[in-house]
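These notes are about the structure you will find just below.
The values are calculated or read from the model by the stated rules, or taken from the named source; none is laboratory data. Here the structure is a predicted model, which is why all the values come from computation and not from measurement. Heads up, the Cβs are rebuilt from the backbone with ideal geometry, glycines too, and the neighbour counts pull from every protein chain shown. Calculation scope for accessible area: heavy atoms of the full protein, side chains included, ligands and nucleic acids excluded. Shrake-Rupley method; radii C 1.70, N 1.55, O 1.52, S 1.80 Å.
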Amino acid sequence: MECATIKTGGGTAAGVLEQKPLIIILLGPPGAGKGTHAPALSQKLGLPHISTGDLFREHIREQSPLGQCAQDYINRGKLVPDDLVLAMLFERLQKNDCQRGCILDGFPRTLPQANALNERLGNTAQFAALNLDTPDHLIIERIAGRIVCQGCKKPYHTTFNKPRNPGQCDDCSGILITRPDDQSSVVKQRLEVYRLETKPLIDYYAQQPGVLAQINGQNTKEQVLSDLLESIPSENKFSSK
Ligand code: AP5
Ligand code: MG
């Protein structure tokens, strides 16, 4: 992948530093706040936000062959097969905006996906896996009230994070909708899949020195964002925007 081989400028006062691309991996159960915080991190760090869930939903909206294939898995709360996810993700990572790294939201989600990412990037990228540790009762409450912008995908909540005008996105005026996979029976399935397939990634990244940071996802949005930023390796705390 190109982002692993390109020399990057740090943009610091001291001048251009050679720096490995930074791959931020947002870990956490469904509803933990990955999609809520990724755009702010993206803006602060000048790295693109890549959500595999959003990419799939875009394919579904366009009714592309990939979207048609992924739709059934997503609506049943199952994971899309690894080979489809990896092909889509690696294609996205080849775009120029990933030269300095990226923020991965919802990827990797299985051990084979994590291994494939490691194999692809080798030692040429720096990883930061940030786990939004959030209990089930909060997750269910958050997902039950979630509404998302059909246009820019920004998530809102009917109680915790209301839009200024009901039903309308603050940023792009898009229509706010409920995701089809947010109905309670599907959420239950997604949580089960998380426990079986994705939670083991916490141990996987804990075994890599200096990679994993635990963030308390129960805190306010402001506190969670501050804790996420605090956990980013300090040489990367600059913005290109
Ligand atoms: P995806 O879209 O990734 O769904 P998910 O992991 O289930 O995560 P969510 O989007 O539900 O939660 P989030 O953590 O982003 O929470 P949010 O910020 O919105 O994936 C969907 C499907 O696609 C998967 O089920 C699978 O089928 C497929 N897929 C995707 N990637 C895949 C992969 N790699 N492999 C295989 N299949 C894949 O927040 C939730 C709510 O809480 C919002 O309303 C928000 O306003 C509120 N909130 C957030 N933080 C706070 C806070 N601190 N305080 C109060 N409210 C808060
Ligand atoms: Mg999300």
**Message:** Angle check, please: helix 184-193 long axis (alpha carbons) against the longest principal axis of the chain (alpha carbons), in degrees 0 to 90, nearest 10.
**Reply:** 30 degrees
**Prompt:** In degrees, nearest 10, range 0 to 90: what is the angle between the Cα axis of helix 52-62 and the longest Cα principal axis of the chain?
**Reply:** 60 degrees
**Of all accessible heavy-atom area on the chain, the percent that carbon and sulfur account for (1.4 Å)** = 50 percent
**Options Leu55, Ile215, Pro180, ranked by Cα towards positive dipole end of the chain, top entry (Cβ charges)** = Pro180
**Fill in**
Note: Asn216 to Arg76 extended length (0.36 nm per residue) minus current alpha-carbon separation gives 47.5 nm
**Message:** Please list 3J(HN,Hα) in residue order for segment 74-90, calculated via the Karplus relation 6.51 cos²θ - 1.76 cosθ + 1.60 where θ = phi - 60°; whole Hz, with x for glycine and proline.
**Reply:** 5, 5, 9, x, 9, 7, 6, x, 3, 4, 5, 5, 5, 4, 5, 5, 5
**Request:** Among the trypsin sites (Lys or Arg not before Pro) in segment 168-225, which ones are in a DSSP loop with at most 11 other Cβ atoms within 10 Å of the Cβ? Mind listing them?
**Result:** none
**Asked** Which Cα, out of Ile143, Leu130, Pro30, lies furthest along the positive dipole direction of the chain (beta carbon charges, K/R +1, D/E -1)?
**Response** Ile143
**Computed [θ] at 222 nm, helices only, for the chain once each DSSP H run of length n ≥ 4 contributes -39500 (n - 2.57)** = -11500 deg cm²/dmol
**Message:** Only Cα pairs within less than 10 Å get springs; with that Gaussian network setup on the chain, which residue of Leu84, Leu26, Leu201 has the largest fluctuation?
**Reply:** Leu84
**Message:** For the pair Leu196/Thr178, report the inter-label distance in nm, with labels modelled 7 Å from Cα in the Cβ direction.
**Reply:** 2.6 nm
**Prompt:** Using alpha carbons only, how many degrees (0 to 90, rounded to 10) separate the axis of helix 111-121 from the longest principal axis of the chain?
**Reply:** 30 degrees
